[in-house]
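**Q** This structure is in structure tokens; I'll ask about it shortly.
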Amino acid sequence: MIRVDLHSHSVFSDGALEPVELAQRIAVTGIRLWALTDHDTTDGLVQAAAASRATGVRWVTGVEISASWASRTLHVLGLNIDPEAPALRTGLARLREMREQRAATIGAKLAKHGWDTALLAARQRAGAGTITRTHFAEALVELGAVHNLQQAFDRYLGRGKPAHVQAEWLHLTSVIKIITAAGGSAVLAHPMRYDLTATWLRKLLSEFKLAGGHGIEVASGPTANDQLDLLADYAVKFELKASTGSDFHSPTHPWRKLGGTPELPKKLIPIWADWGLDV
Ligand code: AMP
Ligand code: MN
Ligand code: MN
Ligand code: MN
């Protein structure tokens, strides 16, 4: 089990734990380096930094940014960023506005299907954090519309489903620029979760590298060996550094466990080499 986890969520987006609780669990799990990467916000980082200092676990700043590319939504991790960088702050603020607008539209669509309190419930669940589809999924479970989160995505919120809203986020190129200007490393999150054909995935990686992207998440949660090998080959081919992260959201999630990623293949250069860290 590798001792690095550079992808996790707190209550500042769609995670279940406060950054402090997350930091404590990280320490108990034996992870040596971690990052909090909430969706389109850096608001949890102050608390995560303080908690990590208290536990003595190495920690870098992070964020998971929503990006658009070829009519699709991609997620780009900004790791080791300066959260105060102006372009980053402006970009994230815009994305959160877009999320608010999208939430209103999702809410209207769900209301048409009889779930007229879903928006209010989702907002309440999001609290002061970024509002996400996870909050709508939780709201739909709470309202008894579906039995679990997966069903909420399958029936309402997923691509092509009645309450899906195609959002225009910032373009991939802008997202990479913003991260780079904030002194961070841009890492393409969970590359296998975009339903891309091999040809499209190679096209994406090629453009990602050309736009100044630094790395890809080779290990994302409990990654199967064939996927690990494929992404490792792509990391080499496109000269991208390798990252690893569980995409942890909640202790109740059955398979996205903190630190629950396989070891990175030895031939790869880890993204933390860029930060002068030897883990
Ligand atoms: P958003 O960025 O608001 O579109 O929400 C995306 C989030 O929804 C992801 O980060 C996941 O946490 C969650 N999500 C997406 N698909 C599923 C699914 N099938 N089951 C559970 N959660 C999902
Ligand atoms: Mn999420
Ligand atoms: Mn993601
Ligand atoms: Mn994530």
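The values are calculated or read from the model by the stated rules, or taken from the named source; none is laboratory data. Keep in mind that this is a model prediction, so the values were computed, not measured. Neighbour counts are summed over all protein chains in view; Cβ atoms, including those assigned to glycine, are modelled from backbone coordinates with ideal geometry. Protein only, heavy atoms only, side chains kept; ligands, DNA and RNA dropped before computing areas. Shrake-Rupley method; radii C 1.70, N 1.55, O 1.52, S 1.80 Å.
**Q** Given the rule -39500 (n - 2.57) for each run of at least 4 DSSP H residues, summed and divided by the residues of the chain, what is its mean residue ellipticity at 222 nm, to the nearest 500 deg cm²/dmol? List each step's numbers first, then the result.
**A** Numbers: 9 runs with 108 residues, N = 279.
When only DSSP H runs of four or more count, the value is -12000 deg cm²/dmol.
**Q** Helix 45-55 sits at what angle to the longest principal axis of the chain, using alpha carbons and giving 0 to 90 degrees rounded to 10?
**A** Taking the Cα atoms of the chain, the angle to 45-55 is about 50 degrees.
**Q** Also, I was wondering about something else. Compute the accessible area per residue over the stretch 225-279, keeping the other protein chains in place, probe 1.4 Å, unit Å². Before the final figure, lay out each step's value.
**A** On the way: 2810 Å² over 55 residues.
Accessible area per residue: 51 Å².
**Q** Angle, helix 133-142 long axis vs. longest principal axis of the chain, Cα atoms, 0 to 90°, nearest 10?
**A** The angle comes out near 50 degrees.
**Q** Using alpha carbon coordinates only, what is the Rg to Rh ratio of the chain, with Rh defined as the Kirkwood radius? Mind showing how you got there, number by number?
**A** Working: Rg = 17.9 Å, Rh = 18.9 Å.
Value, to two decimals: 0.95.
**Q** If the viscosity is 1.567 mPa s and the temperature 4 °C, what Stokes-Einstein diffusion coefficient in µm²/s follows for the stretch 33-80 when Rh is the Kirkwood radius over Cα pairs?
**A** Working: Rh = 11.5 Å.
Translational D for this selection: 113 µm²/s.
**Q** Using just the Cα positions, wrap the stretch 23-146 in a convex hull and report its mean projected area in square nanometres, one decimal place.
**A** Values: hull surface 37.0 nm².
It is 9.3 nm².
**Q** Take the Cα radius of gyration of the stretch 1-70 and divide it by 2.2 N^0.38 Å, with N its residue count; two decimals is plenty.
**A** On the way: Rg = 11.9 Å, N = 70, 2.2 N^0.38 = 11.1 Å.
Here the answer is 1.08, to two decimals.
**Q** Among P251, A232, G221, whose Cα lies farthest out toward the positive end of the dipole of the stretch 214-279, if unit charges sit on the beta carbon of Lys, Arg (+1) and Asp, Glu (-1)?
**A** P251
**Q** For the stretch 146-216, how big is Rg over Rh, using alpha carbon atoms and the Kirkwood form of Rh? Before the final figure, lay out each step's value.
**A** On the way: Rg = 15.3 Å, Rh = 14.2 Å.
Result: Rg/Rh = 1.08.
**Q** As I understand it, the dipole of the stretch 42-127 uses +1 on the Cβ of Lys and Arg and -1 on the Cβ of Asp and Glu, about the Cα centre. Which of T90, L77, T117 lies farthest toward its positive end?
**A** In the stretch 42-127, that residue is T117.
**Q** Next question, about the same structure. How far is helix 19-29 tilted, in degrees, relative to the longest principal axis of the Cα atoms in the chain, given as a value from 0 to 90 rounded to the nearest 10?
**A** Between the helix axis and the principal axis of the chain, the angle is about 50 degrees.
**Q** What is the stretch 1-78's relative contact order, in percent, from Cα pairs under 8 angstrom and six or more apart in sequence? Kindly include the intermediate steps, with their values, before the conclusion.
**A** Details: 149 pairs, mean separation 22.2, N = 78.
Result for the stretch 1-78 is 29 percent.
**Q** How high is the relative contact order of the stretch 130-254, in percent, with contacts defined as C-alpha pairs under 8 Å that are six or more residues apart?
**A** On the way: 116 pairs, mean separation 21.6, N = 125.
With pairs under 8 Å counted, the relative contact order is 17 percent.
**Q** Next question, about the same structure. Determine the alpha carbon to alpha carbon distance for each of K161/K203; K203/K257; K177/K203 and list only those over 22 Å. Kindly include the intermediate steps, with their values, before the conclusion.
**A** Values: K161/K203 27 Å; K203/K257 31 Å; K177/K203 19 Å.
Violating the 22 Å limit, Cα to Cα: K161/K203; K203/K257.
**Q** For the chain, give the share of DSSP beta bridges that are antiparallel, in percent and rounded to the nearest 5; count only bridges with both residues there.
**A** Once the DSSP bridges in the chain are tallied, antiparallel ones form about 40 percent.
**Q** Compare the Cα positions of P162, M192, I26 along the charge dipole of the chain (+1 at Cβ of Lys, Arg; -1 at Cβ of Asp, Glu; about the Cα centre) and return the one farthest towards the positive end.
**A** P162
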